[in-house]
Amino acid sequence: MQFSASRGMRLAAMTLSMAFLSACNGDSSSDSAPPLAVASSAPTPELYEAFRLARQASFGPTTELVATIRQRGIQPWVDEQLTAPSAYDDPDDAHLGHLQRMIAMAEALEPDADWYPAELEGRAGEPVFSAAASRQSLHYQNSVWFENALHAPDQLRQRVAYALSQILVVSFGESPLDSRAEALAHYYDILARHAFGNFRDLIGEVVRSPAMGIYLSHQGNEKADGSKNTSPDENFARELMQLFTIGLYELNLDGTPKTDASGQLIPTYTQEDIEQLSRVMTGWDLRFNEHYGRVGADDGSLIHPMEFTADFHEFGSKEMLGQTFGGGLAEGADLDAAIDILFNHANVAPFISRQLIQRLVSSNPTPAYVQRVAAVFENNGFGERGDLKATVRALLLDPEARDENLARQAAQGKVVEPLLAYTGFLRAFSVKPLNGWFNDRAEGTAPTVDGTYFFRSDHRWALGQAALRSPSVFNFYSPDFVPQDAFFHEGRDGRAFVLPELQLRTPANIAGMQALLRTDNDTLPEVNQLILDYGSVEQFVADTSSWTGRNQIALVDYSPMLQTFDLALDGVRDGVYEGLDDSNTDSSRRTARQRAISATLATVELLLLGNEVIPEEQRAALVEYFDSDSSFRGGSESERVYKMVSYMVQYLSLIHI
């Protein structure tokens with residue numbers, strides 16, 4: 001997949017080369033890992049190779065990140081990310097975890113809110129944060145998620161955490177998670193903390209997390225009571241097996257299903273197993289809760305692991321998946337015994353490995369690819385089972401993830417999720433916080449803040465998805481979704497090809513994405529648009545009516561495209577678009593405006609797609625549209641050029657999803 005030698009692409013590359021050189025030689029960016037101790041002898045990755053890795057292992061390629069990967073090399077960059085310090089293992093790390101940052105944001109934007117209720121503090125003996133103090137808390141949590149996705153230096157850790165959030169699903173839809181968003185931030189920290197840890201430790205924390213306890217109803221679960229004809233809630237027990245660990249049917253190490261002598265699939269568990277496991281999931285409740293099982297605005301802590309309450313636990317021996325345990329164990333220890341049984345089940349390695357590959361690299365990994373990764377999950381080479389760091393390394397460096405010839409095959413790769421397309425767009429166009437804003441919806445004092453984003457919690461409605469906003473425990477889409485096309489139904493070796501994320505590519509979601517991308521309305525501020533409309537970014541901020549009520553407060557920059565247009569138009573990047581209406585043509589019979597349009601399209605392609613991918617016929621039609629449509633004829637030269645550029649960005653960003 002080589003770049004076209006067209007003049008448009010050469011001009012685009014010329015414009016972007018300064019950014020790539022700056023990224024290689026200047027200060028390290030937020031996406032850069034520490035320098036290598038030993039230089040790699042591997043050849044420098046091609047631009048498209050670095051771009052593809054950045055797509056798989058981050059929330060979107062940036063010029064700085066792609067340049068860093070090319071400078072370091074594929075494997076060294078992956079290894080650096082896997083060993084880079086983070087807020088979860090380095091107390092001196094300047095980047096806060098999700099919960100820490102959410103609390104800081106909430107306190108800064110609404111200092112008068114009662115974030116630490118006295119009643120809860122009285123039971124805990126210490127201040128305990130509760131986001132129920134403000135109706136804005138979900139927005140703060142969502143804004144912090146975006147901040148980490150857009151700028152966290154440990155991009156791979158955050159990307160894996162997001163993948164895990166789509167496997168070990170928790171969502172805001174279960175009350176009071178819709179008002180006490182600190183539980184969501186706390187849960188996401190669990191995923192990020194263990195993203196490079198051990199899967200057994202991850203499951204152990206997930207099971208005890210308040211967010212999961214509330215979401216799948218084992219928080220406050222009680223032992224059977226014959227006098228009331230009640231039995232333990234089975235919800236979490238079922239999902240822990242079906243969705244989080246072993247799946248519905250027995251698997252080979254390569255992820256293909258096992259069958260019995262009659263060719264039938266073999267279930268991994270029975271209803272009796274669910275009932276036995278539900279007995280284990282009794283007696284767990286929020287810390288500092290005044291009444292067992294109650295949950296509301298100030299009932300217990302949602303930022304501490306749940307605690308064991310013996311009076312509500314069903315003691316005694318349990319038998320699950322053919323193993324007996326629980327008799328004579330210390331209080332609460334049968335939970336760890338059950339988790340150990342699940343963790344050591346033969347299905348876990350292929351079941352989790354395949355899903356991680358699907359979320360990061362390819363919707364349809366070959367059985368051989370799954371087996372290679374699952375083998376590392378089973379044994380990292382040092383006798384450790386469940387090492388996620390080794391598993392992630394294996395799936396990213398596998399030939400099916402890196403080989404260019406394989407990448408070209410129709411069955412390879414995956415559809416970009418709308419949320420990842422949006423973070424990729426923001427990162428590609430150098431998003432940064434808008435300084436000097438305040439929360440006009442705050443109750444009480446509303447100070448201005450710097451270095452802080454605001455993304456309302458409504459992106460699920462615009463994009464069809466948002467982090468920790470799934471409509472059900474089954475995530476946003478079915479992992480087995482097969483498009484209505486013969487190619488997908490024919491599949492490979494008797495198995496249809498799936499494209500799970502394609503379920504989100506609906507007309508409504510595409511329209512929602514387009515609305516989010518617009519800079520000519522009240523949606524997304526862009527530096528050059530603000531200068532055109534207000535004279536400066538600072539004046540825009542000073543005019544509070546221009547940004548209050550916005551759903552997102554962030555600032556993108558289209559300068560590279562405007563510079564490309566300017567350079568192709570008149571050979572000088574000075575912001576003066578001389579010759580915009582010159583009718584003279586070159587040897588290719590193109591006017592200066594047509595050359596500038598073509599070069600700018602190529603620049604946007606490089607930033608968003610990593611290569612020139614628009615078919616020539618379609619490219620010619622686009623050049624014709626931007627060159628001749630009356631929509632781009634009114635206003636000053638700067639206004640006309642800006643409108644063309646912003647529409648190009650919107651068009652190619654929609655191709656991106």
Test result for Leu406, without any contact (Cβ under 8 Å) to a residue 60 or more places away in the chain, open to solvent by 10 Å² or more (accessible area, probe 1.4 Å) and closer than 30 Å to Ser278 by Cβ
no
Among helices (runs of 4 or more DSSP H) entirely inside the stretch 480-568, those with 2 or more residues being touching an Asp or Glu at 6+ places or on another chain (Cβ under 8 Å) are 527-534
Expected single match for over 28 Å from Lys414 (Cα atoms) and of a type in the set (Lys, Arg) among Arg550, Arg492, Arg518, Arg456 is Arg550
Would you be able to say whether some residue in the stretch 586-609 is free of Cβ contacts under 8 Å to residues at least 24 places away in the same chain and either of a type outside the set (D, E, K, R) or under 19 Å from Arg518 (Cβ atoms) (or both)? yes
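Residues checked against (1) under 24 Å from Leu607 (Cβ atoms); (2) of a type in the set (S, T, N, Q); (3) touching a residue at least 24 places away in the same chain (Cβ under 8 Å); (4) crowded, with 18+ Cβ neighbours inside 10 Å:
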position	(1), (2), (3), (4)
Leu420	yes, no, yes, yes
Phe425	yes, no, yes, yes
Lys432	yes, no, yes, no
Ser472	no, yes, yes, no
Ser478	no, yes, yes, no
Filter the stretch 469-508 for residues that are at pLDDT below 90 and small (Gly, Ala, Ser); the one that is farthest from Gln355 (Cα to Cα) is Ala486
The condition from (1) under 25 Å from Leu434 (Cβ atoms); (2) surrounded by fewer than 23 Cβ atoms within 10 Å (Cβ to Cβ) that Ser137 misses is numbered (2)
Of Arg208, Arg200, the only residue that is surrounded by fewer than 24 Cβ atoms within 10 Å (Cβ to Cβ), at pLDDT 95 or above and touching a strand residue (DSSP E or B) at 6+ places or on another chain (Cβ under 9 Å) is Arg208
ask   = Are any of the residues in the stretch 276-294 under 23 Å from Ser353 (Cβ atoms) and out of contact with any Lys or Arg (no Cβ under 9 Å at 6 or more places or on another chain)?
value = no
Query raised in the report: Within the stretch 365-385, can one find any residue that is of a type in the set (A, V, I, L, M) and either within 21 Å of the chain's Cα centre (by Cα) or modelled with pLDDT under 95 (or both)?
Result: no
Within the stretch 600-613, the residues that are open to solvent by less than 10 Å² (accessible area, probe 1.4 Å) and outside any helix (DSSP H, G or I) are Gly610, Asn611
| said: When you scan the stretch 347-354, do you find a residue that is surrounded by 15 or more Cβ atoms within 10 Å (Cβ to Cβ), in contact with a Gly (Cβ under 7 Å, 6 or more places away or on another chain), modelled with pLDDT of 95 or more and assigned to a loop (DSSP other than H, G, I, E, B), even just one? | reply: yes
Those residues of the stretch 168-182 which are touching a Leu at 6+ places or on another chain (Cβ under 9 Å) and open to solvent by 10 Å² or more (accessible area, probe 1.4 Å) amount to Phe172, Glu174, Asp178, Ser179
Listed by first then second residue, the pairs whose first member lies in the stretch 129-141 and is more than 16 Å from Gln552 (Cα to Cα), whose partner is among the polar types (S, T, N, Q) and in a helix (DSSP H, G or I), with beta carbons under 7 Å and at least 6 positions apart or on separate chains, are Ala131/Ser137
Picked from the stretch 629-654 (must be open to solvent by 60 Å² or more (accessible area, probe 1.4 Å) and assigned to a helix (DSSP H, G or I)), the residue nearest to Asp581 (Cα to Cα) is Glu637
Going through the stretch 253-269 in order, the residues found to be in a strand (DSSP E or B) and under 30 Å from the mean Cα position of the chain (by Cα) are Pro257
Over the stretch 82-96, the set of residues open to solvent by less than 50 Å² (accessible area, probe 1.4 Å) and not in a loop (DSSP other than H, G, I, E, B) is Leu82
Taking the criterion of being in contact with a strand residue (DSSP E or B) (Cβ under 7 Å, 6 or more places away or on another chain) and surrounded by 23 or more Cβ atoms within 10 Å (Cβ to Cβ), would at least one residue in the stretch 240-251 satisfy it? yes
The correct count of residues that are of a type in the set (A, V, I, L, M), surrounded by fewer than 24 Cβ atoms within 10 Å (Cβ to Cβ) and at pLDDT 95 or above in the stretch 271-302 is 1
Per the list (1) over 22 Å from Glu46 (Cβ atoms); (2) open to solvent by less than 70 Å² (accessible area, probe 1.4 Å); (3) under 37 Å from the mean Cα position of the chain (by Cα), residue check on Gln594 breaks on (3)
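The values are calculated or read from the model by the stated rules, or taken from the named source; none is laboratory data. Please read these numbers as outputs of a predicted model, since none were measured by experiment. Note that we place each Cβ from the backbone using ideal geometry, even for glycine, and neighbour counts take in every protein chain shown. Side chains are part of the model used for accessible areas, which takes the heavy atoms of the whole protein and leaves out ligands, DNA and RNA. Shrake-Rupley method; radii C 1.70, N 1.55, O 1.52, S 1.80 Å.
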